[in-house]
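Right, one structure below, let's go through it.
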Amino acid sequence: MDMIRVSRVSFKYVEEWVLRDISFDVKKGEFLGVIGPNGSGKTTLLKSLNKTLSPKEGDVFINGTNIKEIKRREISRILGMVPQEASIVFPFSVLEVVLMGRSPYLGRLSFEGEKDYAIARDAMEMTDTLSFATRSINELSGGERQRVLIARALAQQPQVILLDESTAYLDIKHQIAFFDLIKTLNQKEGLTVMAVTHDVNLASIFCDRIMLLNKGTVHCMGTPGEVITESNIKEVYEADVLVDTNPQTGLPRVTLIASSLSDKGSRSKADAAPQL
Amino acid sequence: MVVNLRKVVLISLILVFVFVVVAILSISLGTADIGLIKILRGIFGWVSDPVRGWTDTDRVIIFQVRLPRIILAGIVGATLSVSGVVFQAIFRNPLADPYILGISSGSAVGAILAIISGAGLSFLSIPAASFCGALLTIMLVLGIAGTGYRFQTNTLLLAGVIVGSFFSAIIMFLVSITQDERLHSIIFWLMGDLSLSKYNEIIIVTPFVIIGCLIIYLHAHPLNLIVTGEETALQLGVEVERVKRLLLITASLITGVVVSVSGVIGFVGLIVPHMMRMVFGSDHRLLLPVSGLFGLSFLVVADTIARIIIAPVELPVGVITAIFGAPFFIYLLRRKGG
């Protein structure tokens, strides 16, 4: 069964349509990547799935039920989201922040119980954040803080995890570690993953399928091999890249081409110069 | 610091005990010296007749002058502190306070009009006029900022500042055309003054404050999530708009209620939440009750100082809170900048 089904969704903040008539499915247990240039609507799409934003047109279904019919609290037990970053002004400890992931399960005036602590501890162990559990979230580095947010999402025990460029501020080690962790959960626990990312190579390595967004529409969707091609990238990103095969995985590998260094690039630069 | 129910109850009980001690000390202090021993003897009945040790004068001072004033100071201090916590949380700004939406100015316009028109002679009419001013302010600010279904926090803040300055201009105008002893009343009201506290006021104010604080406490945990970001709160299951709207209105109303009987007592609603956050952390399930309960003692202490520091002259309590509050505020600003 489809975990998430998006049917003819359109969204605009004010005037301009950010998403135009988008439809797709996310299968249960799938690892779906979403790539596309700045302003293509990736984050907006993600936020339309968990009622952070309400689509102006179209419907989103989770497990076959329209999200308009599901309470926010209920949604937060199914969908966990890791934002790009969080500015938390007040001095909450890391443990407190992770425990907030348990709030969809807490009663109005109740406090976290043994079970909630155990789940939070597990989440912190998985994300390598247990060692600074008592420190204030404000004292952490960007990368450490990001891992705390991941732990919080895991503490929600969601069926689906939505990643909004969650690794943008992590170093290479933690980027890989993070995606490895998510992939493990994906394979072992059947966690469905939908990851918005700028890193086309990471998407290629980890995703079962990739959706390429362009100006609010789905440019194409398919396996990494189908989507990540020189022509697709050129068309959508308006950037020249070299796509070859990663010898280790057999998956497409993207290499950026700096136009100032390539022959073709320097020529076009020279052509453009008189106009400046 | 991780919070559980036991911790909340325990710390709350300690703070209640602190308040009782503070209140007893405060009763014993003042121009007419009653003496701590005498007070204690009366309270604990160390003589067969509990009030034998107290003269009629003592009893008038204790029950008609000091006790109502202490109780009212406590209620006002607690309310402003709780309200301050709410405003700081919703605006996600540790420098917000209960007056940030201009309620103080609106209340003041109401109170000043009552004083000038002479209606203030009947003692409940100043609070009534002041509360009307507060209500008007709340409606104006929410009306300007709440276009349709959604409060934009920044718009709200701006609306508050603008409505506040507009009412401040009216206050200036009213003050500048007033000359006689009414000017003195106005100035005392503007600085926050508890010297005329009466039981009637306590009886009217208390139910509002209790209901308001209960509503707020029921949303303590959603406030934690809202503080970490409105989108995050949405994603963790909080109906952010509904909670924000409800708590803003509740906190504004109880602020309006206590300001109407005490005048504009500054800094309490800013400092107490801060001190409590430094000591007990940011979890609102603990922060709200400890701020309220510490606020009780805090304002009683400040008001006691206001009574006795240059006795027999009594200062408005707002002078004391400002004298201690302003440097603390600067310290916070510097800390934030650094």
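When the accessible area of chain B is computed with all protein chains present and a 1.4 Å probe, what percentage of it is carbon and sulfur? Before the final figure, lay out each step's value.
On the way: 10530 of 14380 Å².
Here it works out to 73 percent.
Between B:Q179 and B:S12, how high is the FRET efficiency from 1/(1 + (r/R0)^6) when r is the Cβ-Cβ distance and R₀ = 56 Å? Nearest 0.05.
Result of the calculation: an efficiency of 0.70.
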### Query
Taking K and R as +1 and D and E as -1, what net charge do the other residues with C-beta under 14 Å from the C-beta of B:V22 add up to?
+2
#### Entry: Equivalent ellipsoid, the protein assembly as shown (semi-axes from 5 times Cα gyration tensor eigenvalues, Å)
58, 27, 21
### Message
Could you compute the net charge surrounding A:K215? Neighbours are other residues with a C-beta less than 14 Å from the C-beta of A:K215; K and R count +1, D and E count -1.
### Response
-1
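Just the accessible area per residue of the protein assembly as shown, please: how many Å² with a 1.4 Å probe?
Per-residue value: 44 Å².
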### Query
Chains B and A: how much accessible area gets covered up at their contact, both sides added, probe 1.4 Å, in Å² to the nearest hundred?
2800 Å²
### Summary
The Rg/Rh figure for region A:221-260, Cα atoms and Kirkwood Rh, to two decimals is 0.99
### Task
Name the long-range amide H neighbours of A:S10: under 5 Å, sequence gap of 5 or more, or other chain; modelled H, no Pro or chain starts.
A:D21, A:I22, A:K56, A:E57, A:G58
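Ordering B:E241, B:E314 by how much accessible area each has at a 1.4 Å probe, largest first, what is the list? Intermediate values should be presented prior to the final figure.
Working: B:E241 45, B:E314 70 Å².
Accessible-area ranking of B:E241, B:E314, largest first: B:E314, B:E241.
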## Note on the structure
Scoring only Lys, Arg, Asp and Glu (+1, +1, -1, -1) among other residues with Cβ under 12 Å from the Cβ of A:L191 yields +1
### Query
Over chain A, what is the mean sequence separation of C-alpha contacts under 8 Å (at least six apart), divided by residue count, expressed as relative contact order in percent?
22 percent
### Task
List the lysines whose Cα lies under 22 Å from the Cα of A:K56, skipping any in the same chain that are fewer than 8 positions away.
A:K12, A:K42, A:K47, A:K68, A:K71, A:K215
### Message
How much of the DSSP bridge set in the protein assembly as shown is antiparallel, in percent, rounded to the nearest 5?
### Response
60 percent
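Could you sort B:R66, A:R5 by accessible area so the largest value comes first, with the probe set to 1.4 Å?
A:R5, B:R66
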### Query
Over what distance in Å are the Cα centres of region A:186-220 and region B:159-209 separated?
60 Å
### Query
So what is the calculated 222 nm ellipticity per residue for chain B, using -39500 (n - 2.57) for each DSSP H run with n of 4 or more, over all residues, to the nearest 500 deg cm²/dmol?
-24500 deg cm²/dmol
#### Entry: For residues of A:49-56, the mean tally of beta carbons on other chains within 10 Å
2
### Partner chain coverage, peptide A:96-109 - average Cβ within 10 angstrom
4
### Query
In what sequence, highest mean first, do A:42-52, B:254-264 appear when ranked by Cβ atoms within 10 angstrom?
B:254-264, A:42-52
## Note on the structure
When every protein chain stays in place and a 1.4 Å probe is rolled, A:S131, A:S141 sorted by accessible area with the largest first are A:S131, A:S141
### Task
Would you mind putting B:152-161, B:244-253 in packing order, based on average other-beta-carbon counts within 10 Å, highest first?
B:244-253, B:152-161
### Enclosed volume per residue, in Å³, of the convex hull spanned by Cα atoms of chain B
146 Å³
### Query
Per the 1.4 Å probe, what fraction of the accessible area of chain A, in percent, lies on carbon and sulfur atoms?
50 percent
#### Entry: A:Y117 accessible area, 1.4 Å probe, all protein chains in place, Å² to nearest 10
40 Å²
### Task
Only residues of region B:1-39 count here: report those whose backbone N is under 20 Å from the spot 7 Å along Cα→Cβ of B:V60, or say none.
B:27-35, B:39
### GluC sites (Glu not before Pro) within region B:140-231: DSSP coil, no more than 10 neighbouring Cβ in 10 Å
B:E181
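The values are calculated or read from the model by the stated rules, or taken from the named source; none is laboratory data. In this text the structure is predicted, and so the values were computed from the model without any measurement. Counting neighbours? That spans all protein chains shown, and the Cβs are built from the backbone with ideal geometry, glycine included. When the accessible area is computed, the model is the full protein with side chains, heavy atoms only, and any ligands, DNA or RNA have been set aside. Shrake-Rupley method; radii C 1.70, N 1.55, O 1.52, S 1.80 Å.
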